[in-house]
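S.K.: Sharing a structure here in structure tokens format.
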Amino acid sequence: MLGAGLLVRTERVRATGLHQTYGDCYVEESSLWGQTRRHTFLCDDPRMFAQNADLYSFGCLAEGDRPGAGDSWYTLCGVAKDDRWASGLVEDVAMGFVLFLVVGCLRTVRTAPAAAEKLKDQ
């Protein structure tokens, strides 16, 4: 996964499939059992789109290929990642590896059989 994250040129990625329904930018709904709110629809308004601009765009699509209101099946275009993204990915993988080692070491520490018997007799 680390290799794919570092080697894939994300600006060349085209994701055609089932996505969040495209529509009005300002419609909100309750999410996570009322704990938070989210935008019901995905939209292309620059003011609303800014939070996702580093994730995807519609820039690779011809005007007629852009999704319309109510569409759920459409294409998203990948965007180029900067160096901060790559370093963050490496840090996340390193932390995951350290956590894996710590949990693995904790699972291999076992009580010696004699000590276990001694504890059992008490």
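The values are calculated or read from the model by the stated rules, or taken from the named source; none is laboratory data. Nothing here was measured: the structure is a model prediction, and the numbers come from that model. Here the Cβ positions follow ideal geometry from the backbone for every residue, glycine too, while neighbour counts run over all protein chains shown. Heads up: the accessible areas ignore ligands, DNA and RNA and are worked out on the full protein's heavy atoms, side chains in. Shrake-Rupley method; radii C 1.70, N 1.55, O 1.52, S 1.80 Å.
S.K.: Using θ = phi - 60° and the Karplus relation 6.51 cos²θ - 1.76 cosθ + 1.60, list the HN-Hα couplings for segment 79-90 in order, rounded to whole Hz, with x at every Gly or Pro.
M.R.: Ordered by residue, 3J(HN,Hα) equals 10, 5, 8, 8, 5, 4, 5, 5, 5, x, 5, 4 Hz.
S.K.: Could you work out how much longer the chain between PHE97 and ALA15 gets when fully extended? Use 0.36 nm per residue separation minus the Cα distance between them, nm to one decimal. Display every interim value, and only then the final one.
M.R.: Values: separation 82, 0.36 × 82 = 29.52 nm, distance 2.94 nm.
Stretched out fully, the PHE97 to ALA15 stretch lengthens by 26.6 nm.
S.K.: Compute the distance in nm between two label points, each set 7 Å from the Cα along the Cα-to-Cβ direction, one at GLU29 and one at ASP65.
M.R.: About 2.8 nm, to one decimal.
S.K.: Cα centroids of segment 87-103 and segment 1-79: how far apart, whole angstrom?
M.R.: Result: 28 Å between the Cα centres.
S.K.: Roughly what % of Cα-Cα distances in segment 24-81 sit above 15 Å, to the whole percent?
M.R.: Counting every Cα pair in segment 24-81, those more than 15 Å apart make up 58 percent.
S.K.: Label segment 1-103 by shape, choosing from rounded, prolate and oblate, from the square roots a ≥ b ≥ c of the eigenvalues of the Cα gyration tensor; if a/c is under 1.5 it is rounded, and otherwise prolate applies when a/b is larger than b/c, oblate when it is not. Display every interim value, and only then the final one.
M.R.: Numbers: a/c = 2.50, a/b = 1.45, b/c = 1.72.
In terms of gyration-tensor shape, oblate.
S.K.: Considering amide H positions built from the backbone, and no H for Pro or chain starts, which residues 5 or more places from LEU42, or on another chain, come under 5 Å of its amide H?
M.R.: THR21, TYR22, GLY23
S.K.: Quick one: which residues, 5+ away or cross-chain, put their amide H under 5 Å from the amide H of LYS81? H built at 1.01 Å from N.
M.R.: Correct list: THR10, GLU11.
S.K.: In whole Hz and in residue order, list the ³J(HN,Hα) couplings for segment 61-74 that follow from phi through the Karplus curve 6.51 cos²θ - 1.76 cosθ + 1.60, θ = phi - 60°; x for Gly and Pro.
M.R.: So the J values, rounded to whole Hz, are 9, 5, 3, x, 8, 5, x, x, 3, x, 6, 10, 9, 7.
S.K.: Please give the solvent-accessible surface of THR40 in Å², to the nearest 10, using a probe radius of 1.4 Å with every protein chain present.
M.R.: Accessible area, nearest 10 Å²: 30 Å².
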